[in-house]
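Okay, so here's the structure we're looking at.
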Amino acid sequence: MSRFYYDLHLHSCLSPCGDDEMTPGNIAGMGKVAELDIMALTDHNTCRNCPAFFAQAEANGIVPVPGMELTTAEDIHIVCLFPSLESALTFEDSLQDRRILIENRPDIFGRQLIMDENDCVSGEEKYMLPNALNISIDEVPAAVDEYGGVCYPAHIDREANGIIAVLGTLPETPDFTCAEIKDREKDGELKDKYPALRSKTLIHSSDAHYLWDINGRENYIDIDAPADDFPLIRQRLIERLKQI
């Protein structure tokens, strides 16, 4: 087993709430400074900056994981991670008819910048990305699993878009194998209040929208894979997160 330090919840400049300096290259560069081993890009309801992030992360010796932060019809945020770029992008394609298309107002909400592998702007998403999709929380796990991925509720300790805040509890179904808690100090309190959490893998990620919010070398996961086999690390990470 090898120990890998991670941050599995990061927003690029494609998320309107993400700072324009959150380019794939800058994110990967900050990850290298922070001595992270694995980083996942999880923009709102899209994976389109993941190809550029893959190139930049690998150039910096970091294992890139493609993902998204999906917004369910209930307005709950779910982190979705995939073992390959192809599976992530195909999953995004499958969601296109679930989107509610409302034109973005960059002057109010921020720009939605698509970047190329050289960290140059290659396009801009016209429609608002964070809007709730027409897909219920009960549908999401099977939809993600169809593409070989894993999903779990994001920042359950937060009021905004957290599953507990929205539903008033941690539901028995879907039975997620993981949950993300942004503030590690709340682990014990939440486990006491919601015993179901005791059997889940708890993920602690930054949900960074600014470069300075990216986690340092503090959260880790042990995976049975050599440090230089990035595809195997991604696959084993997904498998590990699916375990109960």
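Every number in this text was worked out from the coordinates using simple rules, so none of it is lab data. Everything quoted here is computed from the prediction, not taken from an experiment. Note that we place each Cβ from the backbone using ideal geometry, even for glycine, and neighbour counts take in every protein chain shown.
Residues to consider are C13, C17; find the one that is surrounded by fewer than 24 Cβ atoms within 10 Å (Cβ to Cβ), under 17 Å from G110 (Cα atoms) and among the hydrophobic types (A, V, I, L, M, F, W, C).
C17
Restricting segment 77-125 to residues that are among the aromatic types (F, W, Y) and within 17 Å of L41 (Cα to Cα), which is surrounded by the fewest Cβ atoms within 10 Å (Cβ to Cβ)?
Restricting to residues being among the aromatic types (F, W, Y) and within 17 Å of L41 (Cα to Cα), the top hit is F91.
Would you confirm, using the coordinates I've provided, whether D116 is in contact (Cβ under 8 Å) with a residue 24 or more places away in the chain, farther than 28 Å from I203 by Cβ and not aliphatic (A, V, I, L, M)?
Judged against the criteria, D116 is a match.
Give the residue, chosen from D228, D222, that is in a loop (DSSP other than H, G, I, E, B) and surrounded by fewer than 18 Cβ atoms within 10 Å (Cβ to Cβ).
Of D228, D222, the one residue that is in a loop (DSSP other than H, G, I, E, B) and surrounded by fewer than 18 Cβ atoms within 10 Å (Cβ to Cβ) is D228.
Could you run through segment 135-149 and say how many residues are surrounded by 13 or more Cβ atoms within 10 Å (Cβ to Cβ), of a type outside the set (D, E, K, R) and either out of contact with any Cys (no Cβ under 7 Å at 6 or more places or on another chain) or without any contact (Cβ under 8 Å) to a residue 60 or more places away in the chain (or both)?
Residues in segment 135-149 being surrounded by 13 or more Cβ atoms within 10 Å (Cβ to Cβ), of a type outside the set (D, E, K, R) and either out of contact with any Cys (no Cβ under 7 Å at 6 or more places or on another chain) or without any contact (Cβ under 8 Å) to a residue 60 or more places away in the chain (or both): 6 in total.
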